[in-house]
Amino acid sequence: MTTARIIFSMILCGLLQSTFAVEQPAMVKKVINGELKEAKASWWGFDPEDSTSALQNAINSRVPKLIVDNVGKTWITNKLTAVSNQEIVFEKGVVVEAKRGEFKSKTATLFTISGKENVTLRGGEGVILRMHRADYDNPELYEKAEWRHALAIFSSKNINIFGLTLALSGGDGIYLGVSKEGVTNENIHIKNVVCDQNYRQGISVISAKNLLIEDSIMKNTGGTPPAAGIDFEPNRPSEQLVNCVMRNCLTENNEGIGFDYYLPNLHADSVPASLRLENCISRGDRTSFSLTTANSEAEMLHGKFDIVHCRFEKARMNAIKIGRKPVNGLSVRFRDCVVVSPGVENKRMIPLVVTAVAGGKQAIGGVDFGNLTLLDDVDRPFLDYYDCFGIGGNITVKGTIVLQRQGRKETYKLTPEWMQKNFPQVLTENIPALSLEGKTFIPAEMSGVPAASLSYSLRSQGTLAVWAAAGEVVDLTLEYAQVGNYGGSFMKLKGLSPTGKNVKLDKIPFKETKTVRFTAAETGLYQMGLNIGSNRCVVLGSSKPVALSGVDKAIHFITAAGDFYFLVPAGTKRFGLLFYGDGTSEGIRATIFNAAGEQIWDQDEITRPKMFAYEKVTEKDEVWKVLLRKPTGIVCEDNYVDFRGIPPFFARDPRALLRVVPKKN
């Protein structure tokens, strides 16, 4: 900058501050006395280096209409918080910028609306609320986090966000969360908003009732997963997604999914969801549209989801992915949607995917693709469907796919007969999981030499099983380790005694190893639930033999390897073990040995569900072994083991295996 420009800038700043000094007392006094219902933020002052005090005092005046005026310079500010019953209007060209060097707290947000009502933020041409994403991603300057949002709305109602650009945050452009459990955001209207280059999501929706997002753009998200354009992701069953509508919106060039609905934390006892995606476009995102729900009967979300007149263009991977969704529950209907050229650089990326993953317990389906047009010049299947459970009956995926490829047009009707022909039952043996209700367990007391390594590496969720006598002290050494660039804070543990009482267990800090201890108050089986998420938990040691439990879900390993043992109780007639990877690119190799040490089954490159089924009455308790190892030609990362017909305990040490105590006549 030239000397003349510097002098001019100093004169301008002085004139502005002089003007504010003259106007401030009189105009602010009128606002405080209730004589004025409209005010300018500059009446409370302007500091080109830090206007936090001026802006926050202007907001705190509770004037019904506050104008953040264009003073010719950027409003530099620290954290701001809203009050109820106020409209804030940003004049054309106004830029509100996060002060550099501030926002050190991992949850620091530029503008927060928490527990408020009747708030409007209104902008227009050139209005930007921006932060400094690159700074927050620099470990020398900031502790790594993903929650430094540009705008956060918590447990509020009657909120309007119009005409703003929210950019370069350290978290989300807009976050709709909960500050008081059970109090959702209600009557939220977001219109003509642009969320650009945010670190985690363009928009995150945790809980909302009567949410309308229209004519908005979410683009260029990237930095930490999920990195979606918009992500609907409740954290608890008490949260809700009711009458949530997106209309005429665009997601573009996001590192993650364009429109992501990740709903496994909404369960059967949650308020039924009602979702609509209408006239929306995804362009150049990793995946255009993704829906994931929980899968067990108790966790089966109810409600409806309509996707109408949407266009999913040039996804870098699959265009539409629907995971874990059980046949019943949430109704999913596409109407007159178009998919254009997904995954053109990777022919393994099938455009439409309906899949069972991550340890569900029910058959999947309940998806109607309606009349969907697919423009795809790559010679590959247009649909991928696989189910881990093989319950039988009609496959409840239907619709009509109009495929246009290299000048040809073909129409496929997804009838039950067509689906059964193209996607035959995965399981030839339908062996149910063993019910543990009302059963008591004791150590199997089988002889055997413990494996050289007792460690387990688990992902998502897991359950550890330890048998202890009353008064015994149990120590578990656990590491909460990072996977990729996923963030974390603490891994929570939920302990249950043999009679279902809670056992208090310490949390494990992210990237740390800790020994948790409890004293058995009663004799029997103790189960420790691990809430791991996207990272991994490594079980490094235990003062008592410890097994993995697959009671409620398949055991979810990450890069599993080594010998594992399981018990086939006396009198077992039929049992099975189900192995599978994650999608088509991650898998496992499994080799099974009987009690005599004879190899009786071996499968390599298991990505889709493969079942080992065995039918022979056992005369006594037998310990069998599974050798898990890296598959020959694919990645060994996420993989699963599910038990059918036998106690679902899997252990590196045979002494950790448990058997059912026979009931007395």
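The values are calculated or read from the model by the stated rules, or taken from the named source; none is laboratory data. Keep in mind that what you see is a predicted model, and the values were worked out from it rather than measured. Note that we place each Cβ from the backbone using ideal geometry, even for glycine, and neighbour counts take in every protein chain shown.
Taking segment 306-339, which residues are of a type in the set (Val, Ile, Thr), surrounded by fewer than 21 Cβ atoms within 10 Å (Cβ to Cβ) and touching a strand residue (DSSP E or B) at 6+ places or on another chain (Cβ under 6 Å)?
Scanning segment 306-339 gives Val308, Val338.
In segment 567-595, what count of residues is obtained for those that are without any contact (Cβ under 8 Å) to a residue 40 or more places away in the chain and not small (Gly, Ala, Ser)?
Within segment 567-595, residues that are without any contact (Cβ under 8 Å) to a residue 40 or more places away in the chain and not small (Gly, Ala, Ser) number 4.
Examine segment 549-558 for a residue that is within 31 Å of the chain's Cα centre (by Cα), of a type in the set (S, T, N, Q), under 24 Å from Met349 (Cα atoms) and in a strand (DSSP E or B), and state whether such a residue exists.
no
Determine whether Arg574 is touching a Gly at 6+ places or on another chain (Cβ under 6 Å) and modelled with pLDDT of 90 or more.
Judged against the criteria, Arg574 is a match.
What number of residues within segment 271-302 satisfy the criterion of being free of Cβ contacts under 8 Å to residues at least 40 places away in the same chain and among the small types (Gly, Ala, Ser)?
4
With respect to Asp621, is the statement that it is touching a residue at least 24 places away in the same chain (Cβ under 8 Å) and surrounded by fewer than 21 Cβ atoms within 10 Å (Cβ to Cβ) true?
Here the answer is yes, as Asp621 does meet what is asked.
Quick check on my filter: what residues within segment 225-234 are under 17 Å from Ile153 (Cβ atoms) and assigned to a strand (DSSP E or B)?
Ile230, Asp231, Phe232
Looking at the structure I just gave you, is Arg276 in a loop (DSSP other than H, G, I, E, B), surrounded by fewer than 18 Cβ atoms within 10 Å (Cβ to Cβ) and of a type outside the set (S, T, N, Q)?
No: the conditions fail for Arg276.
Name every residue in segment 596-608 that is in contact (Cβ under 8 Å) with a residue 24 or more places away in the chain and not in a loop (DSSP other than H, G, I, E, B), in order of residue number.
Within segment 596-608, Gln603, Asp604, Glu605, Ile606 qualify.
Table: residues versus (1) closer than 12 Å to Glu637 by Cα; (2) within 34 Å of the chain's Cα centre (by Cα); (3) not polar (S, T, N, Q).
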site: Gly576; (1), (2), (3): no, yes, yes
site: Tyr580; (1), (2), (3): yes, yes, yes
site: Arg589; (1), (2), (3): yes, yes, yes
site: Ala596; (1), (2), (3): no, no, yes
site: Trp601; (1), (2), (3): no, no, yes
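Would you mind stating whether Gly533 is in the same structural domain as Lys610 (by TED's automatic domain parsing), in contact (Cβ under 8 Å) with a residue 24 or more places away in the chain and on the phi > 0 side of the Ramachandran plot?
The answer is yes for Gly533.
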